[in-house]
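As structure tokens, the structure follows; a few thoughts come after it.
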Amino acid sequence: MSENHSFLNWLPTWFDRTGALTQDLVQQSAEFGLGKVPARLAPDGVTNMTCGYCSTGCSLRVHLRGQQAVNLSPDPQHPVNRGMACPKGWEALTPLRAPDRGTEPLFRNKAGVFKAVSWEQALHEFTSRFKSIQQQFGPASVAFLSTGQIASEEMAMLGALAKFGMGIVHGDGNTRQCMATAVTAYKQSFGFDAPPYTYQDFEESDVLILVGSNLCVAHPIMWQRVLANPYHPHLIVIDPRKTETAMAATEHVANKPKSDLTLLYGIANLLIERGWINREYIDAHTNEFDAFAQHVQSFTEDLVEKQTGIDPKQLERITRFIHEGKRVSFWWTMGVNQSYQGTRTAQAIINLALMTGNMGRPGTGANSITGQCNAMGSRLFSNTTNLLGGHDFLNPTHRDKVSQILQVPVECIPSEASLPYHQIVEGILRDKIKGLWIIGTNPAHSWINQNVYREILGRLEFLVVQDMYPTTETAKMANLYFPAAAWGEKDGTFINSERRIGLIKKVADPPGQALTDFQIFCDIAESWGCGKMFRQWNSPQAVFDILKLVTEGQPCDITGIRDYAMIEARGGIQWPFTQLEASHASGCSQQRRLFENGRFYTQDGRALFHFEAIRPQPEPPTERFPFTLLTGRGSAAEWHTQTRTGKSAILRKLSPQSIYVEMNPQDAKQRGIRPAAEVVVESQRGKIRAKVFLTPTIQPGHVFIPMHFDTTNQLTLSHFDPYSHQPSYKNCSVDVRLAEAWDIP
Ligand SMILES: Nc1nc2c(c(=O)[nH]1)N[C@H]1C(S)=C(S)[C@@H](COP(=O)(O)OP(=O)(O)OC[C@H]3O[C@@H](n4cnc5c(=O)[nH]c(N)nc54)[C@H](O)[C@@H]3O)O[C@H]1N2
Ligand SMILES: Nc1nc2c(c(=O)[nH]1)N[C@H]1C(S)=C(S)[C@@H](COP(=O)(O)OP(=O)(O)OC[C@H]3O[C@@H](n4cnc5c(=O)[nH]c(N)nc54)[C@H](O)[C@@H]3O)O[C@H]1N2
Ligand code: SF4
Ligand SMILES: [Mo]
């Protein structure tokens, strides 16, 4: 039997990566014995809530029997998913009853052993340790790192408590690893962080262009919406790998990694040369086009071919598709955002949409697809880099407004924005930050350059981790662990990629003494001695009402939403939703896109063309490290660091369980690497062991490793986009060789 046969058992996985779910699998999804359901829900029946994994925001119907949440199914009526869910959604209840759920607070004693303690003692340790660090080293010596996976009300409570109540200045989120580039690009180009689309646009376009997005794996239900497009659209996928999405494309543009900016400028240049631009739209609604046109002149077909590997014929073809399309939509995800020149690349996409007038109409737009279930909530309400409601910490009028609405003294609102994530990490290294509170993220697996990062975390005087599980790589390093309730065990709202606010609900009790993040924040406020500041913040719905007021007059104004019941009745509500819109028939539409009137959120209402010279790759391949390492999502069944999806036997069957590296057969042959061989992958920062998977879907000279394995980020590079400060996870240089007996296990 050839070695290749050991991969036969992977094959179903390989093809199931698309997220297509068989009936067999649905039946395996046994009934769950979860905790008691709160009395306000009918004992038998169903209740709808938004999925707690990705930013698609599918609506799931949770089935209740005998006061137990027994199963769930996708909501057939919902405008987002229309009865569909991916494997993670179907299995969303399973991680709640995992045996390693945190059931009590844990405190590491002097011997270094985690011991269960009461909440009272845990809160006392939290308050006394952090206060003493702040007294010794100043208020900014304690920081927090949060998440895009808790409710908006919880994020807002955390951000307000930390910054207004506890005097913390620096707090950022894992959304920095994910969405910061899109946020910065939109703010600079449109005047506000505003993804303009609605999912209906997937079905209305006649040309769709996906840049650095593996939609089929990372957003399987959005992908279903593309497949439901009745116009037989051209689908152009720009990705160095022939992903599942690229395989289904009418045109796969397999460019060199991180050459997108050159490619997009080349397309812009060709559009201008051919006169294939919408001058009327440009003149009426944008600024700086002429300077942009001049900038892209040097991006000739020859230059593009040399830098990107895309030949003039293909360049011409895609440019022609854009020109001939009546409704062209541009979509991008992490292949763009996670790059050292990501902001300008995202803006190069925005520029193409603006110059061809593909904006504000059905089936058009420059559309960033976000990642986590509530990354969009964190963009508006986490109070980290923006002041609550998309306001600016640096703007005194904004500080006054927020202070008045919240009845928080204005002096308690910091007049500086938080340091970005990587500077918080540097702050720890430089002994400026001594205490860290990590909520709902697992950076000891997911942050770049792990070997150094873990050492840095080890320098902290006090690390608090608040998570569903005390078993995550990060929680294991903590001095104090808070057991958090999960999605399904609490109420609140999420905002999905198309700006739709949806509900999450409590359908099970948290295990043991675990508390909702919201309750933990309220208890900390009391323990810290600033509880008075948050008297009005006494329930998620009460916080939602406060957040509504904060958005008044902002582009994200949601003052027209009456209450949670209104969100429920309407199948979610997209922002903005002003009082005027609420009273108007157009406000009732389930598919609302931005910029229909051509007015943007800049001072003069015009969108701005941003552009810049191409930057050199921070770590190009060398003789010693000849391969470019790409990382990303492996399958529809795996979620990030696998703390949740790893708990489902069904999901585990749908993806490889040990680390593998995808490599082109040609490269393997040259190096004498046979299929399924054990190899060592080495970068300047670390070396790891993996099984090789030979596949022509990866170009010669590149390799790909999914992010779901805890060693992947030992290889990745600490390099950041200068505007968004987002890490460049998707390119560093590595070597791959056969593992020897003496290599690391
Ligand atoms: N199943 C599953 N779904 C998820 C998640 C998950 O963990 N599992 N996570 C969610 C989150 S938080 C996010 S942010 C999204 C991410 O969603 P995506 O961004 O779609 O997923 P990735 O696999 O990270 O990256 C997308 C593609 O970028 C390509 N790429 C790498 N370098 C370049 C480049 O230089 N140029 C171009 N054009 N492409 C490049 C990679 O080959 C990869 O196919 O997924 C969300 N959905
Ligand atoms: N190499 C590489 N690395 C990457 C990426 C990549 O493409 N390549 N992508 C990056 C991106 S886009 C992202 S978004 C990050 C994701 O990285 P992480 O945020 O580290 O990933 P998760 O596994 O989602 O971690 C979420 C944690 O929150 C916990 N949790 C879940 N629900 C709750 C809750 O309600 N309350 C609390 N308190 N805890 C909860 C989970 O148990 C888990 O430990 O990874 C980044 N890392
Ligand atoms: S596509 Fe995303 S939101 Fe929908 S079921 Fe899957 S993980 Fe949940
Ligand atoms: Mo993400």
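Taken together, the values in this text are just the output of simple stated rules run on the coordinates, not laboratory data. Predicted model only: the values in this text are computed from it and were never measured. Because the Cβ atoms are built from the backbone with ideal geometry, glycine has one as well, and the counts that use them run over all protein chains shown.
Pull out a ≥ b ≥ c, the square roots of the eigenvalues of the alpha-carbon gyration tensor of the chain, then state rounded if a/c is under 1.5, prolate if not and a/b is larger than b/c, and oblate in the remaining case.
Working: a/c = 1.37, a/b = 1.15, b/c = 1.19.
Taking the square roots of the gyration eigenvalues as a ≥ b ≥ c, the chain is rounded.
Dipole of region 180-368, Cα-centred, from +1 at each Lys and Arg C-beta and -1 at each Asp and Glu C-beta, to the nearest 20 debye? Could you put the intermediate results ahead of the total?
Numbers: 16 positive and 20 negative charges, 61 e Å.
That gives region 180-368 a dipole magnitude of about 300 debye.
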Once both labels are modelled 7 Å past Cα along the beta-carbon direction, what's the residue 542-residue 430 spacing in nm? 4.0 nm
Pop out the ³J(HN,Hα) list for region 550-557 in order, Karplus 6.51 cos²θ - 1.76 cosθ + 1.60 with θ = phi - 60°, rounded to Hz; leave Gly and Pro as x. 5, 7, 3, x, 8, x, 9, 3
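Compute the relative contact order of region 627-738 as a whole-number percentage, counting only Cα pairs closer than 8 Å that sit 6 or more residues apart in sequence. Show your work: numbers first, answer last.
Numbers: 228 pairs, mean separation 42.3, N = 112.
That works out to 38 percent.
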Equivalent ellipsoid semi-axes, region 463-616, via Cα gyration tensor eigenvalues times 5, rooted, Å: 35, 23, 17
Sequence-separation-based contact order of region 180-368, relative, with Cα cut under 8 Å and 6+ spacing, percent: 32 percent
Which ³J(HN,Hα) values, rounded to whole Hz and listed in residue order, are derived for region 563-568 from phi using the Karplus coefficients 6.51, -1.76 and 1.60 in 6.51 cos²θ - 1.76 cosθ + 1.60 with θ = phi - 60°, glycine and proline given as x? 6, 4, 4, 5, 4, 4
Report, ordered by chain and residue number, the lysines lying within cross-link reach of residue 647, taken as a straight Cα distance under 26 Å and ignoring same-chain residues fewer than 8 apart. 36, 88, 115, 476, 490, 505, 506, 691
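Report for the chain the percent antiparallel among DSSP-assigned beta bridges with both residues inside it, nearest 5. Before the final figure, lay out the partial values.
Details: 42 of 87 bridges.
Of the beta bridges lying entirely in the chain, close to 50 percent run antiparallel.
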Within the under-14-Å Cβ sphere about residue 399, not counting residue 399, Lys/Arg +1 and Asp/Glu -1 give a net charge of -2
Under-5 Å amide H pairs with residue 368, H placed in peptide plane, nonlocal only: 332
Quotient of Cα Rg and 2.2 N^0.38 Å for region 669-732, N being how many residues it contains: 1.27
Environment charge at residue 301 (Cβ cut-off 9 Å; Lys +1, Arg +1, Asp -1, Glu -1): -4
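Which whole-number percent gives the relative contact order of the chain, counting Cα pairs below 8 Å spaced six or more residues apart?
Working: 1688 pairs, mean separation 147.3, N = 745.
Result for the chain is 20 percent.
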Take the Cα radius of gyration of region 412-474 and divide it by 2.2 N^0.38 Å, with N its residue count; two decimals is plenty. 1.16
Vicinal HN-Hα couplings computed from phi for region 118-125 (Karplus, 6.51 cos²θ - 1.76 cosθ + 1.60; Hz; Gly/Pro x): 6, 4, 4, 5, 4, 5, 4, 4
With charges only on Cβ, +1 for K and R and -1 for D and E, what is the dipole size of region 467-533 about its Cα centre, in debye, rounded to 20? 220 debye
Charge dipole (debye, nearest 20) of the chain; +1 at Cβ of Lys and Arg, -1 at Cβ of Asp and Glu: 880 debye
Equivalent-ellipsoid semi-axes of region 627-738, from the Cα gyration tensor, Å, largest first: 22, 21, 12
For region 362-419 and region 687-706, write down the distance between their C-alpha centroids in whole Å. 40 Å
The exposure ranking of 589, 718, 683, fewest beta-carbon neighbours within 10 Å first, is 589, 718, 683
So what is the diffusion coefficient of region 163-229 in µm² per second by Stokes-Einstein at 25 °C and 0.890 mPa s, using a Kirkwood Rh over Cα pairs? 166 µm²/s
For region 627-738, with the dipole built from +1 on Lys and Arg beta-carbon atoms and -1 on Asp and Glu ones, taken about the Cα centre, which of 705, 688, 648 lies farthest toward the positive end? 648
Residue 326: which lysines have alpha carbons under 24 Å from its alpha carbon, excluding same-chain residues fewer than 8 sequence positions away? 313
Regarding region 70-218, what's the average projected area of the Cα-atom convex hull, expressed in nm²? 14.5 nm²
According to the Cα gyration tensor, what semi-axes, each the square root of 5 times an eigenvalue, does the equivalent ellipsoid of region 547-637 have, listed from largest to smallest in whole Å? 42, 22, 12
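From the helices alone, meaning DSSP H stretches of at least four residues, give me the mean residue ellipticity at 222 nm for the chain, per-run term -39500 (n - 2.57), in deg cm²/dmol to the nearest 500.
On the way: 28 runs with 229 residues, N = 745.
The helix contribution divided over the chain gives -8500 deg cm²/dmol.
Once you wrap a convex hull around the alpha carbon atoms of region 449-494, what is its projected area averaged over all directions, in nm²?
Details: hull surface 17.6 nm².
With every direction weighted equally, the projected area is 4.4 nm².
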Which of 569, 551, 608 sits closest to the plus end of the dipole of region 486-633, meaning its Cα is farthest towards the positive end, when Lys and Arg get +1 and Asp and Glu get -1 on the C-beta? 608
Around residue 718, under 14 Å between beta carbons, what's the net of Lys plus Arg minus Asp minus Glu among the other residues? 0
Using a basic spin-label model with each label point 7 Å from the Cα along Cα→Cβ, how many nm lie between residue 596 and residue 615? 3.8 nm
Report, in whole Å, the centroid distance computed from the Cα atoms of region 611-643 and region 458-534. 31 Å
If each of residue 588 and residue 109 carries a label point 7 Å out from its Cα toward its Cβ, how far apart are those two points in nm? 6.5 nm
Does region 180-368 come out rounded, prolate or oblate by the C-alpha gyration tensor, with a ≥ b ≥ c the root eigenvalues, rounded set by a/c under 1.5 and, if not, prolate when a/b is larger than b/c and oblate if not? rounded
